[in-house]
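Taken together, the values in this text are just the output of simple stated rules run on the coordinates, not laboratory data. Note that the structure is a prediction, hence the values are computed from the model and not measured. Quick reminder, even Gly has a Cβ in these numbers, built from the backbone with ideal geometry, and neighbours come from all protein chains shown.
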Amino acid sequence: MHSSPQSLLLAGRALGQWLGLGALVGMVCGAASAVFLWLLDRATAFRSSQELIVYTLPLAGLVLGWVVERFGQATKAGNNLVIDTIHDGGPEIPLRMAPLVLVGTVLTHLFGGSAGREGTAVQMGASLTDWVSHRLRVEQPMRRQLLAAGVAGGFGSVFGTPVAGAVFGLEFVVRGRIEYHALLPALVASVVGDLVTRSLGIGHTVYPQVPHVPLTPLLFLQWLAFAAAVAAVAIAFIALTHAIKKQGERHVPWLPARMFLGGLAVVALWKLVGTSDYLGLGVPTIERAFADPHLDVEAFALKLVFTAVTLGAGFLGGEVTPLFFIGATLGNVLARTMGIPLELGAAVGMAALFAAAANTPLALSIMAVELCGAAVLPHVAIVAVIAYLLSGTTSIYPAQRLAPQPGERP
């Protein structure tokens, strides 16, 4: 059946609309990510040169907690608010989420909290995109697709991984299903966002390219054991973070007090381990995991505890980069045990751990390729998918919903 000129015209208009809106969202997200990454770099550099500032993390938590309680009640759910809004519609995501989470995350890193940046990028992208959607008075279905594009634009631009960013925006909303209806705007937003961030002079961490390693039956069996370890660590991270948050809310209802106590705990851990490697993002240790055969075996466990305490107490930030740290260092240890090249073990562990924790195996397999080269396939896909399946329904995003199973009503 041939398409009529009228249907072709309508399709062309729709394509043009999505290209335009996706590009607009990408420009907004890319600019926001550039500002955020620049500030984050300055904050990390200052803390590294003036480590005494870490002692003030409890006071910073007290003040930041008061600000969130006073001005951020409507945004406290973070990424879960974004997921719920994509599913259910509802009120406009408050625009103040963007500056609040940006400043809060930068301050968390400045004073030594162990957190990431993906949550900040996703929330900034979603809140700025929803503000644009409401100004343009778009219909609800288009709003949902633009929100997915905002998530993709934020994620892709903050990590410099545009294809993974696009897929992440479609994959993280529903466990077990990809929202393909938002594919075009998400891809455009992620690519444009990455281009804008780079054009503003922001660079990204350059990871080693992994060597080509043929897949053999023995290596496949090793990857199964590797995936089981990754899934166990992902479950432990989620359980500990959620337990600290739940018990903290139960016994210390006032957020500023919880963050003060969380800051004290991080400072105590910092003094106990005697190193600053587990503060902030921890990118230097991630890079070491690709090459250092003498990396501390317990590094992944220590970073897990530092991050769970920081985020469970209420400090702002994301989970991705700490999970990269935990996964890369775990991968380093497992690779040494199994006789796998360190670069490959670290790359696979880095991507697979976040894939299991966020239920996004496809996006993280693609991300590993964008960061570490095509030779990481098929290994990363095997481990990411198996770890994702073994981790069950647990997630760092409690608002994630399960896709309807065959025969069930959506």
Amide H neighbours of R175 at under 5 Å, excluding residues fewer than 5 places away on the same chain, with H built from the backbone geometry, are R401, L402, A403
I'd like the Kirkwood hydrodynamic radius of region 217-397, using the inverse of the mean 1/r over distinct C-alpha pairs, in Å.
16.3 Å
Estimated FRET transfer efficiency when R0 is 41 angstrom, pair Q73-E287 (beta carbons, to 0.05)
0.60
With a 10 Å radius around each residue's Cβ, average the other Cβ atoms per peptide and rank 267-279, 321-333, 343-355, highest first.
343-355, 321-333, 267-279
Can you match P(r) over Cα pairs in 20 Å bins from 0, in percent to one of these, (1) 28, 59, 12, 1; (2) 24, 55, 20, 1; (3) 28, 55, 17, 0, based on a calculation from the structure here?
(1)
Please report the relative contact order for the chain, taking Cα pairs under 8 Å with a sequence separation of at least 6, and give it as a percent rounded to a whole number.
22 percent
Quick one: 3J(HN,Hα) in Hz for region 56-70, Karplus 6.51/-1.76/1.60 with θ = phi - 60°, rounded, Gly and Pro as x.
8, 4, x, 5, 4, x, 4, 5, 5, x, 5, 4, 5, 4, 7
With the dipole of region 217-397 defined by +1 on each Lys or Arg Cβ and -1 on each Asp or Glu Cβ, the option from A355, G373, I340 whose Cα lies farthest towards the positive pole is A355
Mind ordering 152-160, 110-118, 391-399 by average Cβ neighbours within 10 Å, highest first?
152-160, 110-118, 391-399
For labels at L218 and A236 in the simple 7 Å Cα→Cβ model, what's the distance in nm?
2.8 nm
Quick one: net charge around G318, please, counting Lys, Arg +1 and Asp, Glu -1 for every other residue with C-beta under 9 Å from its C-beta.
-1
Could you work out [θ]222 nm for the chain from helices alone, using -39500 (n - 2.57) per DSSP H run of at least four and dividing by all its residues? Round to the nearest 500 deg cm²/dmol.
-23500 deg cm²/dmol
Ranked output for segments 300-313, 372-385 by mean other Cβ atoms within 10 Å, highest leading, reads 300-313, 372-385
Could you give the length gained by full extension between R135 and S48, i.e. 0.36 nm per residue of separation minus their alpha carbon distance, to one decimal place?
27.1 nm
Spelling out what I want: for every residue of region 249-266, take phi, set θ = phi - 60°, compute 6.51 cos²θ - 1.76 cosθ + 1.60 (Karplus), and round to whole Hz; glycine and proline get x.
5, 6, 9, 10, x, 7, 4, x, 5, 4, 5, 4, 5, x, x, 4, 5, 5
Starting from the 7 Å offset along Cα-to-Cβ, what nm value, one decimal, do you get for the label separation of H204 and L15?
2.7 nm
Could you tell me the calculated FRET efficiency between D41 and A228, based on Cβ-Cβ distance and R0 = 56 angstrom, to the nearest 0.05?
0.95
Summing +1 per Lys or Arg and -1 per Asp or Glu among the other residues with Cβ less than 9 Å from D130's Cβ gives 0
When N counts the residues of region 14-199, how does its alpha-carbon radius of gyration compare numerically with 2.2 N^0.38 Å, as a ratio?
1.03
Excluding G262 itself, calculate the net charge of residues whose Cβ lies under 13 Å from the Cβ of G262, where each Lys or Arg counts +1 and each Asp or Glu counts -1.
+1
Phi angles of region 134-150, converted by Karplus (6.51 cos²θ - 1.76 cosθ + 1.60, θ = phi - 60°) into ³J(HN,Hα) in whole Hz with x for Gly and Pro, give 6, 5, 8, 6, 6, 6, 4, x, 5, 4, 4, 5, 5, 5, 4, 5, x
Interatomic Cα distance distribution for region 14-59, bins of 10 angstrom, percent:
23, 27, 21, 16, 11, 3
